[in-house]
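What follows is a set of notes on a single structure, which appears directly below.
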Amino acid sequence: MSSAIDTTIVTSGLFLVLLVVVVGFSMISQVVLADSIRIRLGEISNQVASDMIEVVSLCYQSTSADVRLFRPLKIPTSVGTYGYAIRLRLDGNVWVVEASLETGGPLPSTSPLWQQSGDMIVVTQVGTVHIGSQLIDFGPVLHSGSAFPVVWATRDSNGVTKVGLGEMRS
């Protein structure tokens, strides 16, 4: 009788240890996944911010009275298996690029652009802009998986620069 009780206690203890190991592994893997997603979103927001700053800098360096430029974005179609969105938003008085998962999840990653000013307009409305022979649809959010994502900038003869995110029509 004693041996049956000992076997039951040892087996129950082994199952309990196995359960603790499985739950611990699951929790650690979730933390690692969330951290890798947050890092990847940060890389995406930094890349978009860098491309946007470059296009705006080219507008300022141009000697033409009317400048219209765009740059295709080379961004992944997903982060892991999740879709994401890129937004331009005002954080205090500084414009930032924000990348976040469509489903929520880890905190969004932001990258600063520049301070809000009168001669720099960050376009967050829906519209269309013609740049050369290309037609670009723009809006407040650029979703992952867009066919031809771009950043664009224009500067008019009055020195007002407009910049935004969009998708080039094919």
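The values are calculated or read from the model by the stated rules, or taken from the named source; none is laboratory data. All values derive from a computational prediction rather than experimental measurement. Reconstructed Cβ throughout: ideal geometry from the backbone, glycine too, with neighbour counts over all protein chains shown.
The strands (runs of 3 or more DSSP E) found entirely in the stretch 42-133 that carry 2 or more residues being surrounded by 14 or more Cβ atoms within 10 Å (Cβ to Cβ) and either in contact (Cβ under 8 Å) with a residue 60 or more places away in the chain or not aliphatic (A, V, I, L, M) (or both) are 67-72, 84-91, 94-101, 104-115, 127-131.
Exactly one residue among S157, S146 is outside any strand (DSSP E or B) and either among the basic types (K, R) or over 20 Å from the mean Cα position of the chain (by Cα) (or both), and that residue is S157. Applying a threshold of 6 Å to beta carbon distances and a minimum spacing of six or more residues, or different chains, the list of pairs starting in the stretch 145-170 at a residue that is closer than 24 Å to V96 by Cβ and ending at one that is in a strand (DSSP E or B) and of a type in the set (S, T, N, Q) reads R155/T161; K162/T154; M168/Q134.
Within the bounds of the stretch 71-91, is there any residue that is more than 21 Å from I39 (Cβ to Cβ), in contact with a strand residue (DSSP E or B) (Cβ under 7 Å, 6 or more places away or on another chain) and of a type in the set (V, I, T)? No, because not a single residue in the stretch 71-91 is more than 21 Å from I39 (Cβ to Cβ), in contact with a strand residue (DSSP E or B) (Cβ under 7 Å, 6 or more places away or on another chain) and of a type in the set (V, I, T).
Of all residues assigned to the stretch 31-39, none qualifies as being under 30 Å from D156 (Cα atoms) and in contact (Cβ under 8 Å) with a residue 24 or more places away in the chain. Scanning the stretch 98-139 for residues that are among the charged types (D, E, K, R) and at pLDDT below 90 yields E102, D119.
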